[in-house]
1. Which value, in Å to one decimal place, does the Kirkwood hydrodynamic radius take for the range 1-149 when every pair of different Cα atoms is included?
2. Could you tell me which residue out of L148, F100, G279 lies farthest along the dipole of the chain toward its positive end? Charges go on the beta carbon: Lys and Arg +1, Asp and Glu -1, centred on the Cα centre.
3. With a Förster radius of 51 Å, plug the Cβ-Cβ distance of M1 and E92 into 1/(1 + (r/R0)^6) and report the FRET value to the nearest 0.05.
4. Rank T320, A201, A63 by how far each Cα sits towards the positive end of the charge dipole of the chain (+1 on Lys, Arg Cβ; -1 on Asp, Glu Cβ) and give me just the farthest.
5. Stretched out fully, how many nm does the piece from E350 to S271 gain, at 0.36 nm a residue minus the Cα gap?
6. Provide, for the range 70-299, the number of lysine pairs with alpha carbons under 20 Å apart, each pair being eight or more places apart or on different chains.
7. In which sequence would T102, T388 go, from the one with the fewest C-beta neighbours within 10 Å to the one with the most?
8. Can you list the chymotrypsin sites (Phe, Trp or Tyr not before Pro) in the range 69-168 that are in a DSSP coil and have 10 or fewer other beta carbons within 10 angstrom?
Amino acid sequence: MNPQQLMDDEKKYLAQTYARPPFVLTRGEGVYVFDSEGRKYLDCAAGIAVNALGYNDAGLVAAIQHAAQGLLHTSNLFYTEPQVALARALVEKSFADRVFFTNSGTEAIEGALKFARKYHVERGEPQRKNFVAFRGSFHGRTMGALALTDSEKYQAPFRPLMPGVTFANFNDLDSVRAAITDETAAVIIEPVQGEGGVYPARDDFLRDLRALCDERGALLIFDEIQCGLGRTGKLWAHEWSGVTPDVMALAKPLAGGLPIGAILMTERVASAMHVGEHGTTFGGGPFITSVGLYVFNRISDPQFLAHVNEVGNYLLERLTEINSAHIKEVRGRGLMIGVEMDVEAAKIRERGYAHGLLLIQARDKVVRFVPPLVFQKTHVDELVDKFTRVLAEVE
Ligand SMILES: *Cc1c(COP(=O)(O)O)cnc(C)c1O
């Protein structure tokens, strides 16, 4: 492969919706990825909080090979075993009673919105069609999820979006109180905001939000697409607060790098949707759910979660110790840490490549660390060492 030719072809043949750095990734091993020239990068991004088990994990590869020899696809018109097995595992380890599978995060959000509206229709309150989301939120790019995503840049060219969305201030109960009306179907929140800059919701805020939703008759939806599934050091990010939602959206790491999403919900929400009222051709097919069950069993193991906790705490501590005038704040939970800078995060990200660091950002000034969950303390040391050198180069 000629990498320059490949990059030229990308510019020619792909819709230009991404500005990619000038190298071609060809393989991965553990928590490292390699480009076509053999350069090695410590992966602090995990494909945007997706590759929880890192790269070329022997167990995951075997699970994929096994699944590939079984049924790949049958549509949702028929029973298949892996779909039921994964749903059962998710239910047994969560607040939820039932699951609906999707192909992506944004699709899980769309489905969550439909379940929420249908719930109120069935209860004789069809006027409850509206949603309350939060400043700094990210819920996806399709028309409903985009309407809940607080970004002028993402929204503006695509209006009209789904109407009826009000944005409240994150961690500010009074502002939610003012936003909820008798026409609110649900309040939707990321327990730790990801794209918006890595902002954890306060535990007491989530508890008060739960009580407020109950009092006002609105459902509570948690978007744990990024912060769920072990990322914060507990299986679910909301476990830190002790409250549970009515509906929860999952996606990113659930099949270890293959596309899947899921909507988890309580019985009273699930029972509002009847045969034929929602559907998907690919969602929850036997191949992907077979892989998903393998990944979920790995991630939900208490020892695995204890590891994320330990390494996450160590990462937070080490990043906090860095002595650089460019760092304004270090925040987050588990292996989901944001470092707020006084310079453009893009600058840091670009410098990082030369030092063998694969970084991503969140908004303009936050460097976001969401490495594979199999990161070890020695990887943290390498990360901090390289990141410190990158910071020293930035004026
Ligand atoms: C990534 C993400 C989404 C969208 O998921 P896609 O699979 O990209 O559609 C939604 N919500 C949150 C919190 C996310 O991080």
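Throughout, read-outs are computed from the coordinates displayed, never taken from laboratory work. Values in this document were obtained by computation on a predicted structure and should not be read as measured data. Note: ideal-geometry Cβ built from the backbone for every residue, glycine included; neighbour counts use all protein chains shown.
1. After inverting the mean inverse Cα-Cα distance, the result is 19.8 Å.
2. G279
3. Between M1 and E92 the formula returns 0.70.
4. Highest projection toward the positive end goes to A63.
5. 23.5 nm
6. 5
7. Ranking T102, T388 by Cβ neighbours within 10 Å, fewest first, gives T388, T102.
8. Taking the range 69-168 and a limit of 10 other Cβ atoms within 10 Å, the loop chymotrypsin sites (Phe, Trp or Tyr not before Pro) found are F78, Y79.
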